1. Full-extension gain between residue 93 and residue 306, please, as 0.36 nm times their residue separation minus the C-alpha to C-alpha distance.
2. Label-point separation (nm) for residue 210 and residue 225, each offset 7 Å from Cα along Cα-to-Cβ?
3. What's the extension gain from residue 202 to residue 261 if we count 0.36 nm per residue and subtract their Cα-Cα distance?
4. Going by the alpha-carbon gyration tensor, a ≥ b ≥ c the square roots of its eigenvalues, is the stretch 64-124 rounded (a/c under 1.5) or, if a/c is not under 1.5, prolate (a/b greater than b/c) versus oblate?
5. Return the whole-Å distance between the Cα centroid of the stretch 208-227 and the Cα centroid of the stretch 94-120.
6. Compute the Cα gyration tensor for the stretch 20-93, then decide on rounded, prolate or oblate, letting a ≥ b ≥ c be the square roots of its eigenvalues: rounded whenever a/c is under 1.5, prolate when a/b is larger than b/c in the other cases, and oblate in all that remain.
7. From the Cα gyration tensor of the stretch 198-308, with a ≥ b ≥ c the square roots of its eigenvalues, which class applies: rounded if a/c is under 1.5, or else prolate if a/b is larger than b/c, or else oblate?
8. What is the gain in length, in nm to one decimal, between residue 48 and residue 120 on full extension, counting 0.36 nm per residue of separation less the C-alpha to C-alpha distance?
Ligand SMILES: [Zn+2]
């Protein structure tokens with residue numbers, strides 16, 4: 001049996017007992033891949049040893065859909081009754097595990113009424129409930145829900161990588177299909193375990209959504225606790241650049257690009273790019289980051305204000 005390391009690495013990296021995340025979204029335009037990774041993560045969460053896919057009682061029950069703390073919704077159209085069934089389980093205690101895991105695949109199939117029903121459980125999470133959602137169409141998910149999810153992008157392997165691995169495996173007489181699956185997952189983990197990366201994206205998201213007037217700046221700056229300031233500015237720059245393109249190259253978080261597009265016109269974005277570049281230069285020459293950030297946000301708002309006049 002192939003031991004999938006994806007769910008385990010992700011589990012370890014997220015340190016679930018220490019962080020307050022209760023809802024995850026696995027997304028990319030490949031729904032099969034999203035679902036594969038999400039299901040593997042769910043199995044690891046409930047696994048007796050948290051290694052996942054080890055054939056323990058819990059893993060067997062998850063695979064046969066008989067685990068008492070595991071709920072899976074996987075239909076083309078998800079009905080209100082299905083959501084009601086989940087809602088009824090939210091306030092109960094887990095039966096055999098320390099968590100109850102609710103998986104909803106292809107969350108875009110949940111209609112707006114049902115999404116609104118679920119919103120409350122994302123807003124006031126119960127620490128024993130974990131939601132795992134997948135979607136290849138995140139534009140059909142309510143913004144209020146999106147903002148409460150920890151989003152994990154599931155990247156695909158390039159065809160070049162695939163052919164190298166395929167050759168390698170053929171030479172060693174190994175089942176390619178299994179290896180491909182494992183490698184795609186490993187690839188995902190390499191990306192998803194980067195806690196910094198996810199934290200940085202979340203910081204950018206919170207700043208962009210809350211930045212409306214100069215009076216917001218001190219609060220936003222003081223709440224920001226960045227591990228990697230370079231990464232912050234580089235992603236911001238990339239994000240603004242991508243918002244100018246009709247077909248985005250941004251592979252990691254398309255909804256962030258949409259936030260920029262909604263908030264800033266192309267004209268403002270063009271003015272902001274040199275401002276970000278300038279901030280980056282200041283950072284390299286060791287200027288105080290609070291000062292850099294203050295200036296950056298102030299100048300972005302200034303461009304936005306003048307563009308609207
Ligand atoms: Zn197990």
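Bear in mind that the values in this text are calculations on the coordinates, not laboratory data. The shown structure was predicted, so the numbers you read here are calculated from the model rather than taken from an experiment. Heads up, the Cβs are rebuilt from the backbone with ideal geometry, glycines too, and the neighbour counts pull from every protein chain shown.
1. Gain on extension, residue 93 to residue 306, equals 71.2 nm.
2. Taking the two extended label points, one gets 1.3 nm.
3. Extra length from residue 202 to residue 261 when fully extended: 19.5 nm.
4. oblate
5. Value for the Cα centre distance between the two parts: 31 Å.
6. Since a/c reaches 1.5 but b/c is at least a/b, the shape of the stretch 20-93 is classed as oblate.
7. rounded
8. Length gained between residue 48 and residue 120: 23.0 nm.
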